[in-house]
Amino acid sequence: MSPPASPRPGRLVLVATPIGNLGDLSPRAVEALATAELICCEDTRRTGRLLLAAGIDGPALRRVDAHTETEAAADVVARVLTGATVAVVTDAGTPGVSDPGARLVRAVLDAGGEVTTVPGPVAAVAAVVASGLDTSRFTVDGFLPRKGPERAARLAELAVERRTVALYEAPDRVAATLADLAAACGDEREAVVARELTKLHEEHRRGSLAALAAGAAADPPRGEVVIVVGGAPAAGAGGDDDVRIALRAARDRGLGPGRAAAEVAAALGRSRRDVYALALADGDEPGADEADGGDPDGDDPDGTADASERTATDADATSDPHAGGTR
């Protein structure tokens, strides 16, 4: 008597869906969705309409969004390990890129399961390749932090980022974000605001950050928006001029010179003492956050804290152009 057959291996399939034009749903995507036992999606109603338009009937749908992804992971892993094919989609674009999906992938891989993809639309990539900016090296930085030190630190990093950067933003925050980018990167940095990609009213607004910020304030864009920012000039990136630009952006957000120096130094890989000295040389006055005599955090007495560990960590985190994310 032959031994019982082992369960067929299951897998997790990340399926890219259209970002606006149904014609971009590939035949492979249709097949993957039609043959899945379960489809994890951000919005069951929206995905249901997509399946109906594609003539797909049958797969069960489960809502898995940013708030429920961790909770859903155990069930998804159990299904995959017992032979089920589970598909993952988001409302638009590629799962896991500024959208749910990454936690499911990690959970399935950690359990020894198989993960595969059906590639397709990514809004950030579509915006970058149509931008007219350098596409030889670019990064997708997802959504900026809304406010506070985290936003200031990210803007300081973007001020000296040599690669083209794609950002996602909600329509009602585009003008403010462009103004912040202009303050951090310089008014004349080239950029593009792409909206409604692949749809009837697709639009690409090109110009300087300052001009685009003024235009967005006067005529706010509607629909899904991707902001593409040209990279910092090669000469002097991370030099004193870039430090001053980043310090100005931090000061504009209410940071004192000590805190601003700490954030800018961390972002640019410079000595905090040197950055602090530049801040004072440019007219900043020492404040309450400088009680330690120019070392804002009090842990770098000689101002020579080695930035190599931070730089190595950042390099690892950004080696994947999708780190931090898109759709």
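The values are calculated or read from the model by the stated rules, or taken from the named source; none is laboratory data. Small disclaimer: the values here were computed from a predicted structure and weren't measured. When we count neighbours, we look across all protein chains shown, and the Cβ atoms used for this are built from the backbone with ideal geometry, even at glycine.
Okay, here's what the table says:
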quantity	calculated
Scope segment 13-40; condition under 23 Å from the mean Cα position of the chain (by Cα) and either of a type outside the set (A, V, I, L, M) or closer than 15 Å to residue 86 by Cα (or both); matching residues	13, 14, 15, 16, 17, 18, 20, 21, 24, 40
Of all residues in segment 131-157 being within 10 Å of residue 230 (Cα to Cα) and among the hydrophobic types (A, V, I, L, M, F, W, C), the one that is farthest from the chain's Cα centre (by Cα)	133
Leading residue by the ranking (farthest from residue 214 (Cα to Cα)) among those in segment 149-192 that are without any contact (Cβ under 8 Å) to a residue 60 or more places away in the chain and out of contact with any strand residue (DSSP E or B) (no Cβ under 8 Å at 6 or more places or on another chain)	150
Among (1) surrounded by fewer than 21 Cβ atoms within 10 Å (Cβ to Cβ); (2) assigned to a helix (DSSP H, G or I); (3) modelled with pLDDT of 95 or more - the single one residue 120 does not satisfy	(2)
Positions within segment 132-162 being surrounded by fewer than 24 Cβ atoms within 10 Å (Cβ to Cβ), part of a loop (DSSP other than H, G, I, E, B) and at negative phi, in sequence order	133, 134, 135, 136, 137, 144, 145, 146, 147, 161, 162
Check on residue 219, closer than 30 Å to residue 260 by Cβ and without any contact (Cβ under 8 Å) to a residue 60 or more places away in the chain	no
Segment 204-216, subset without any contact (Cβ under 8 Å) to a residue 40 or more places away in the chain and under 21 Å from the mean Cα position of the chain (by Cα), residue nearest to residue 125 (Cα to Cα)	205
Residues that are part of a helix (DSSP H, G or I) and touching a residue at least 24 places away in the same chain (Cβ under 8 Å), drawn from segment 9-41	22, 24, 28, 29, 30, 32, 33, 34, 35
Some residue of segment 218-236 being at pLDDT below 80, among the acidic types (Asp, Glu) and assigned by TED's automatic domain parsing to the domain that holds residue 175	no
Count of residues meeting criterion [in contact with a Leu (Cβ under 6 Å, 6 or more places away or on another chain) and of a type outside the set (A, V, I, L, M)] in segment 80-100	1
Candidate set: segment 42-59, residues that are assigned to a loop (DSSP other than H, G, I, E, B) and at pLDDT 95 or above; chosen: the one farthest from residue 96 (Cα to Cα)	55
Residue count for segment 187-215, restricted to those that are among the aliphatic types (A, V, I, L, M) and surrounded by fewer than 18 Cβ atoms within 10 Å (Cβ to Cβ)	3
Matching option when the condition is under 20 Å from the mean Cα position of the chain (by Cα), farther than 21 Å from residue 263 by Cα and assigned to a strand (DSSP E or B), among 228, 174, 165	228
